[in-house]
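The values are calculated or read from the model by the stated rules, or taken from the named source; none is laboratory data. Bear in mind that the values here come from a model prediction, so they are computed numbers and not experimental data. We place every Cβ from the backbone using ideal geometry, glycine too, and count neighbours over all the protein chains shown. Areas reflect the complete protein model, heavy atoms only, side chains present, ligands, DNA and RNA absent. Shrake-Rupley method; radii C 1.70, N 1.55, O 1.52, S 1.80 Å.
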Amino acid sequence: MLGGTLFFLHLYFSILTAQLGDSLFMAENMGAFDTTASCHREAAETVEKPAPCRRRAYFAAGSFGGGQSGDMDSNLGSGMLGFSNKITDDIMLGLALSGAKSHEGLDPGGSVSGMTSRGASLLAAYTPSASGLRLFATGQVADLDLRETHYYDNGGGLEASHGETGAVAYGLAAQAGWEFQGPPRHRLMPYADYRWSMARAHAFREPDGSAPADYRGRNIASSEVRLGLQDKFSLSDEVILSGRIAWGHRLDDGKNKFFDSAGNLIQDIGLDAGKRDWAEAAIGANWRVVEGVQLQSRLSAHTGDTGNPAAAVTLGAALSF
């Protein structure tokens, strides 16, 4: 029963990992968004006084996924809104505001949890025009609010206890790859991806029920790596299709120990964040609608129970100015 009491805690990592993934997705897309093309053309066409060029862009992205912990009723939605600036032809820096909401539950006898997140992210990308090194990075801070109900058998029937808590969370993610020309119209990039997240969880106490949970706050952390391969296919001058496959591995043991009590029972219990190894895949498309306007999409999925959505769709848009 105590394990069910702390059922919601892996949501901290689920919501952070999803938002870090969205930020990396937009860092890669905004790094590849050629806002500087007009700069070179306008400079060449206007010898005496080059016209102003567009190095900045607004962007927005949203994602929705489901199937956390094998429960198809569980879901997670997130969104971000920000702007980027190409400070050189190769380097992009960006800032975004983000939010997310998740719901996860078990059948009666387990727990039902809901979490909301509000935060901000920094994005960076190094994408030289020629083949070679590609670097993407993001850092995030977020405020998390959580409501949880857990069910248990008190000997005379099913009973529920309710509680609310929160956390301040931090996350870092980086991806390094080497892009090169593959078969005609294909560009390949093997890559490595690292993600770290930490939540300063506040104390949690359920004021009702015959066996209310009570635990002290503490820091919980998780880190994971991915090794993968990406293929970009130029369908036309305006449309690029992409696909990637990767193997993921959790560097920590996925367990964070907590001091917990319920009724008169006191013990240390662990938070199991899911499997330590999994495979994942994604397909996507980038469409340059007109010069300075780009749409992005991605459909991703992974194997095993990692605590993250089993499948998710992400949509993005960017407008240079």
> Which condition does M115 not pass, out of (1) touching a Leu at 6+ places or on another chain (Cβ under 8 Å); (2) modelled with pLDDT of 90 or more; (3) buried (at least 16 other Cβ atoms within 10 Å of the Cβ); (4) more than 26 Å from A176 (Cβ to Cβ), if it passes all the others?
Replying inline: (2)
>> Kindly evaluate R185 against the criterion of being within 20 Å of N29 (Cβ to Cβ), more than 25 Å from the chain's Cα centre (by Cα) and surrounded by fewer than 17 Cβ atoms within 10 Å (Cβ to Cβ).
In response: yes
> Among the listed residues L106, L81, which satisfies the condition of being closer than 26 Å to L146 by Cβ, of a type outside the set (G, A, S), at pLDDT 90 or above and open to solvent by 10 Å² or more (accessible area, probe 1.4 Å)?
Replying inline: L81
> With respect to the numbered conditions (1) assigned to a strand (DSSP E or B); (2) at pLDDT 70 or above; (3) open to solvent by 50 Å² or more (accessible area, probe 1.4 Å), which one is the sole condition not fulfilled by P207?
Replying inline: (1)
> If the Cβ limit is 8 Å and pairs must be 6+ apart or interchain, which residue in the range 294-309 that is open to solvent by 50 Å² or more (accessible area, probe 1.4 Å) pairs with which residue that is assigned to a loop (DSSP other than H, G, I, E, B) and not hydrophobic (A, V, I, L, M, F, W, C)?
Replying inline: D305/G274; D305/K275
> Of the residues that sit in the range 36-69 and are in a loop (DSSP other than H, G, I, E, B), open to solvent by 10 Å² or more (accessible area, probe 1.4 Å) and closer than 14 Å to M92 by Cβ, which one is modelled with the lowest pLDDT?
Replying inline: R54
> Which pairs have Cβ atoms under 7 Å, sit 6 or more apart or on different chains, and link a residue in the range 127-141 that is surrounded by fewer than 13 Cβ atoms within 10 Å (Cβ to Cβ) to one that is at pLDDT below 90?
Replying inline: S129/D89
> Only one residue in A160, A169 is at pLDDT below 85 and of a type in the set (A, V, I, L, M, F, W, C), so which one is that?
Replying inline: A160
